[in-house]
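The values are calculated or read from the model by the stated rules, or taken from the named source; none is laboratory data. Nothing here was measured: the structure is a model prediction, and the numbers come from that model. As a convention, Cβ positions derive from the backbone with ideal geometry for all residues, glycine included, and neighbour counts pool all protein chains shown.
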Amino acid sequence: MTQAFLYRWSQKSTGKWYEGSRTKKNCHIDDGYVCSSKTVRKMILENPSDWERTILVIGTPTYIRDLESTRLQMLDAKNSSMSYNMHNNDGLYNRLGTIHSDVTKNKMSKTRTGRKRPDQSKFMFDNNPMKNKDVANKISILKTKNNPMHNEETRKKVSETRKRMGLSAGYNNPSLLPQYQMTCSHCSKTMGKGPFVRWHGNNCKNQQKS
Ligand SMILES: [Zn+2]
């Protein structure tokens with residue numbers, strides 16, 4: 001099933017961003033697609049840790065394409081100094097989505113300075129597909145379907161593992177179980193393995209200096 005989406009790539013070192021849409025048949029947010037700009041794609045692949053992707057909206061291809069166009073016209077991305085988008089899709093926009101190239105825009109830096117909500121934030125809110133019950137239901141069903149915890153076999157395995165570890169319901173941290181506690185020979189405190197390794201044993205500040 002096709003799960004079209006609008007995304008934003010943010011470059012951590014500069015605060016700059018690139019926005020685009022993915023509307024291809026059978027696409028989804030984890031299909032490995034990077035972005036529609038060759039230049040930006042190259043930058044991301046060369047230095048992935050400097051980039052972060054945010055999924056802005058998920059919806060039908062038609063909805064996403066319309067949203068993308070509207071945002072471009074509203075935000076004028078090609079003229080924003082913070083944007084890597086080179087054009088606003090004006091005239092280059094392909095209604096069939098085969099070209100659907102570069103996209104939209106906003107002014108994230110403004111939110112940091114405590115000024116009023118940027119227009120596009122309100123826009124995204126007003127156009128949030130989750131406000132549409134049908135869409136919300138569909139997304140919810142999709143999430144349920146793809147959630148491994150809704151698979152009987154997975155649940156059984158998890159349950160067996162938990163039993164083996166002695167974890168009771170609502171008790172999720174094995175390091176708190178008595179059998180995983182460690183006692184420091186220097187200060188006699190008892191704790192989980194993490195703090196023990198970091199702060200006690202050979203690192204204990206109470207150990208006798210010989
Ligand atoms: Zn200690």
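Pick from 62, 2, 54: which is within 22 Å of residue 130 (Cβ to Cβ), among the hydroxyl-bearing types (Ser, Thr, Tyr) and in contact with a Pro (Cβ under 8 Å, 6 or more places away or on another chain)? Explain how you work it out, then say what you get.
On the way: 62 fails: in contact with a Pro (Cβ under 8 Å, 6 or more places away or on another chain); 54 fails: in contact with a Pro (Cβ under 8 Å, 6 or more places away or on another chain).
Going through 62, 2, 54 in turn, the sole match is 2.
Within the range 74-105, take every residue that is surrounded by 14 or more Cβ atoms within 10 Å (Cβ to Cβ) and in a helix (DSSP H, G or I) and give me the one that is modelled with the lowest pLDDT.
75
Going residue by residue through the range 24-35, is there one that turns out to be in the same structural domain as residue 84 (by TED's automatic domain parsing), surrounded by fewer than 17 Cβ atoms within 10 Å (Cβ to Cβ) and in contact with a strand residue (DSSP E or B) (Cβ under 6 Å, 6 or more places away or on another chain)?
Within the range 24-35, one or more residues are in the same structural domain as residue 84 (by TED's automatic domain parsing), surrounded by fewer than 17 Cβ atoms within 10 Å (Cβ to Cβ) and in contact with a strand residue (DSSP E or B) (Cβ under 6 Å, 6 or more places away or on another chain).
Counting only residues that are polar (S, T, N, Q) and within 7 Å of the ligand (Cβ to nearest atom), how many does the range 177-206 have?
Of the range 177-206, the ones polar (S, T, N, Q) are 179, 181, 183, 185, 188, 190, 202-203, 206.
Adding the requirement that they be within 7 Å of the ligand (Cβ to nearest atom) leaves 206.
Qualifying residue count, the range 177-206: 1.
Just to be sure before I move on: is residue 138 surrounded by 13 or more Cβ atoms within 10 Å (Cβ to Cβ), modelled with pLDDT under 80 and either closer than 30 Å to residue 58 by Cβ or among the β-branched types (Val, Ile, Thr) (or both) in the structure I sent? Can you show your working first?
On the way: surrounded by 13 or more Cβ atoms within 10 Å (Cβ to Cβ): yes; modelled with pLDDT under 80: yes; either closer than 30 Å to residue 58 by Cβ or among the β-branched types (Val, Ile, Thr) (or both): yes.
For residue 138, the condition - surrounded by 13 or more Cβ atoms within 10 Å (Cβ to Cβ), modelled with pLDDT under 80 and either closer than 30 Å to residue 58 by Cβ or among the β-branched types (Val, Ile, Thr) (or both) - is met.
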